[in-house]
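Written below as structure tokens is the structure these notes are about.
The values are calculated or read from the model by the stated rules, or taken from the named source; none is laboratory data. All values reported here derive from a predicted model rather than from experimental measurement. All Cβ positions, glycine included, derive from the backbone under ideal geometry; neighbour counts span all protein chains shown.
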Amino acid sequence: MLEAVGERTKVVFVCNPDNPTGASLGAAEFGRFVERLPDTVVLAIDEVYYEFVRRADFPRSIELLNDRPETLVLRSFSKIYGLAGLRIGYGIGHEDLIGYLDRARHPFNVNRLAEAAAVAALEDEEHVRETLAVNAQGIEYLTRELTALGFEVAPTDTNFLLVRAGVGVYDDLLRSGVIVRPMGGFGLPEHVRITIGLPEENERLVKALRSLAPEAP
Ligand SMILES: *Cc1c(COP(=O)(O)O)cnc(C)c1O
């Protein structure tokens with residue numbers, strides 16, 4: 001990405017943790033990238049999966065704002081808080097940068113109901129705790145079961161898994177009533193992205209995959 005930055009580059013988006021790989025960058029790696037990024041380039045850090053991160057050395061991006069005001073940290077209520085239908089998230093940045101965004105944004109782009117729900121969500125620590133527990137358990141279960149079925153499962157810092165399941169598995173699963181995401185559009189025709197579900201949903205997926213791979217244990 002650094003190599004792709006040129007004279008005309010205005011903004012760089014870094015998705016951390018990344019969608020659809022589930023991978024994340026640690027503070028050291030991320031720091032090396034930021035150090036070399038010219039300060040004429042706005043750095044937009046997409047952290048919509050922030051709350052799911054499990055690695056201890058995740059970059060403290062908000063602290064970066066002091067040294068690098070040309071930075072915007074983006075978070076969302078669509079993921080861990082489950083409010084995607086209300087269309088609300090937030091950005092944290094220097095007031096000058098936010099001022100430019102304010103000039104260009106549509107008026108009333110966040111409605112009052114969404115705002116009330118978001119504020120309530122921030123206080124709902126039990127929901128976050130429970131979601132993290134269900135997610136962690138689901139990651140462990142699915143990683144174990146899918147690996148046993150012979151699939152390659154990428155480590156994740158999100159609420160989904162990137163799985164090398166083979167060409168056609170997306171369609172086969174669809175026929176058995178399980179919807180995952182095909183990754184052909186990302187240049188990964190053999191992969192699917194699987195959102196971690198409730199335990200019974202995860203079990204249903206594993207059963208469906210097992211019936212597709214009768215030769216596996
Ligand atoms: C879901 C998602 C978004 C969009 O979030 P919204 O707040 O629902 O618009 C942005 N970036 C990534 C990486 C996502 O996965």
>> Here's a check for you: in segment 56-90, which residue that is within 16 Å of the ligand (Cβ to nearest atom) and loosely packed, with under 15 Cβ neighbours inside 10 Å is nearest to Lys10 (Cα to Cα)?
In response: Tyr90
> Assuming Leu142 fulfils every condition listed in (1) outside any helix (DSSP H, G or I); (2) within 21 Å of the chain's Cα centre (by Cα); (3) among the hydrophobic types (A, V, I, L, M, F, W, C) apart from one, which condition is it?
Replying inline: (1)
>> Can you tell me how many residues within segment 152-178 are touching a Phe, Trp or Tyr at 6+ places or on another chain (Cβ under 9 Å) and either among the acidic types (Asp, Glu) or part of a loop (DSSP other than H, G, I, E, B) (or both)?
In response: 6
>> Any residue that is outside any helix (DSSP H, G or I), surrounded by fewer than 15 Cβ atoms within 10 Å (Cβ to Cβ), away from the ligand (no atom under 16 Å from the Cβ) and of a type outside the set (A, V, I, L, M, F, W, C) - is there at least one of those in segment 97-108?
In response: yes
> Applying the selection to segment 10-48, what residues are away from the ligand (no atom under 15 Å from the Cβ), crowded, with 16+ Cβ neighbours inside 10 Å and either in a loop (DSSP other than H, G, I, E, B) or basic (Lys, Arg) (or both)?
Replying inline: Leu37
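What about Gly197, is it assigned to a loop (DSSP other than H, G, I, E, B), of a type in the set (Gly, Ala, Ser) and within 22 Å of Leu86 (Cβ to Cβ)? Break it down into steps so the answer makes sense when it comes.
Details: assigned to a loop (DSSP other than H, G, I, E, B): yes; of a type in the set (Gly, Ala, Ser): yes; within 22 Å of Leu86 (Cβ to Cβ): yes.
Yes: the conditions hold for Gly197.
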> Out of (1) assigned to a loop (DSSP other than H, G, I, E, B); (2) within 13 Å of the ligand (Cβ to nearest atom), what's the single condition that is false for Glu51?
Replying inline: (1)
> For segment 155-162, does any single residue satisfy the condition of being among the aliphatic types (A, V, I, L, M), at pLDDT 95 or above and within 15 Å of the ligand (Cβ to nearest atom)?
Replying inline: yes
> In the set Arg129, Arg175, Arg164, Arg144, which member is in contact (Cβ under 8 Å) with a residue 24 or more places away in the chain and not β-branched (Val, Ile, Thr)?
Replying inline: Arg164
> Hey, Val41 hits all of (1) more than 20 Å from Ala23 (Cα to Cα); (2) out of contact with any strand residue (DSSP E or B) (no Cβ under 8 Å at 6 or more places or on another chain); (3) not hydroxyl-bearing (Ser, Thr, Tyr) but one; which does it fall short on?
Replying inline: (2)
